[in-house]
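Just below is one structure, and these are the notes that go with it.
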Amino acid sequence: MNTLEQPKKGTYPAFYSTYIKLVSGNDYESQLIDQVDSLLNLFQEKEDGWVEKPYAEGKWTPKEVLGHVIDTERIMTFRALCFARGEKSSLPGFDQDPYVLNARFGNVPIEHLLADFQAQRKALLSMIRILPEDSLDLVGTANGAPITPRALFWIIPGHFEHHMNIFKERY
């Protein structure tokens with residue numbers, strides 16, 4: 001596996017510092033695998049029907065949050081692949097709310113969402129293993145800002161931790 005040390009400041013927009021700070025250490029692969037186990041355990045611990053209930057009016061259900069995490073990981077992975085391959089075109093941002101609304105995650109069985117999350121993580125790790133090491137620090141533009149594949153890869157587990165913290169605190 002490539003060496004996936006944390007990205008250096010300046011290789012991603014400051015906004016993402018919030019997520020990157022939530023990821024500890026440099027054993028990237030173990031963190032991704034541990035997060036899958038943590039998520040599965042959390043969802044197994046909860047009572048029936050929990051996945052359908054938002055913690056407050058106007059908030060997403062746990063199924064919608066999980067779907068959002070999966071979508072975001074796919075988008076970040078796609079961006080990382082593009083930039084690792086030398087893409088020079090600017091990639092667009094995305095508005096998470098229409099994505100969640102249009103996905104209709106409430107109609108998807110939770111078992112399918114959990115399996116999809118696991119498959120996404122396996123695909124992510126597989127892709128990272130075959131990327132040339134020097135491609136991790138190529139700079140591309142997404143949502144109008146410069147960012148590297150390395151930074152995008154570290155945002156993924158940080159974004160996950162952000163949502164796990166919300167699950168633990170509010171749901």
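The values are calculated or read from the model by the stated rules, or taken from the named source; none is laboratory data. Everything numeric here is computed off the predicted structure, so don't read it as measured data. For neighbour counting, all protein chains shown are included, and Cβ atoms are generated from backbone atoms with ideal geometry for every residue, glycine included. With ligands, DNA and RNA removed, areas are computed over all heavy atoms of the protein, side chains included. Shrake-Rupley method; radii C 1.70, N 1.55, O 1.52, S 1.80 Å.
Binning all Cα-Cα separations of the range 8-97 at 10 Å, short to long from zero, yields these whole-percent fractions: 12, 35, 36, 15, 2.
In order along the range 50-65, the Karplus-derived 3J(HN,Hα) couplings, from 6.51 cos²θ - 1.76 cosθ + 1.60 at θ = phi - 60°, round to 4, 5, 9, 10, x, 6, 7, 4, x, 9, 6, 6, x, 5, 5, 4 Hz, and Gly and Pro are given as x. Between E29 and D137, the FRET efficiency from the beta-carbon distance, with R0 = 25 Å, is close to 0.85. Between K122 and K168, residue separation times 0.36 nm minus the direct Cα-Cα distance comes to 14.1 nm. Dividing the convex hull volume of the alpha-carbon atoms in the range 129-171 by its residue count gives 87 Å³ per residue. Its residue count N fixes a reference of 2.2 N^0.38 Å for the range 47-125, and the Cα radius of gyration divided by that reference is 1.26.
Among D48, D71, D137, which one shows the biggest mean-square fluctuation in a GNM of the chain, springs joining Cα atoms closer than 10 Å? Largest GNM mean-square fluctuation: D48.
Give the residues of the range 113-134 whose amide nitrogen is closer than 13 Å to a point set 7 Å from the Cα of S89 in the direction of its Cβ. What the label zone holds, given the 13 Å backbone N cut-off, is no residue at all.
Largest mean-square fluctuation among V139, V100, V108, in a Gaussian network model of the chain whose springs join Cα atoms under 10 Å apart, belongs to V108. Histogrammed with a bin width of 5 Å, the alpha carbon distances of the range 1-59 distribute as 3, 13, 17, 15, 16, 14, 12, 8, 2 percent, first bin at zero. Divide the volume of the convex hull around the Cα atoms of the range 59-171 by the residue count and you get 103 Å³ per residue.
The accessible surface of the chain, taken with every protein chain in place and a 1.4 Å probe, is 50 percent carbon and sulfur.
Rounded to the nearest whole Å², what accessible area per residue is found for the chain with the 1.4 Å probe?
Values: 8970 Å² over 171 residues.
Each residue of the chain exposes 52 Å² on average to a 1.4 Å probe.
Take every Cα pair under 8 Å whose residues are at least 6 apart in sequence, average their separation, divide by the length of the chain, and the relative contact order is 42 percent.
Given the -39500 (n - 2.57) contribution per DSSP H run of 4+ residues, what per-residue ellipticity at 222 nm results for the chain, rounded to the nearest 500 deg cm²/dmol? Please list the in-between numbers first.
Details: 6 runs with 96 residues, N = 171.
That comes out to -18500 deg cm²/dmol.
Counting only Cβ charges, +1 for Lys and Arg and -1 for Asp and Glu, the dipole size of the chain around its Cα centre is about 440 debye. Residues whose amide H comes within less than 5 Å of that of A142, counting only those at least five positions distant or on another chain, are L91, I147 (H built at 1.01 Å from N in the peptide plane).
In this simple spin-label approximation, S38 and A145 carry label points 7 Å from Cα along the Cα→Cβ vector, and these lie 2.2 nm apart.
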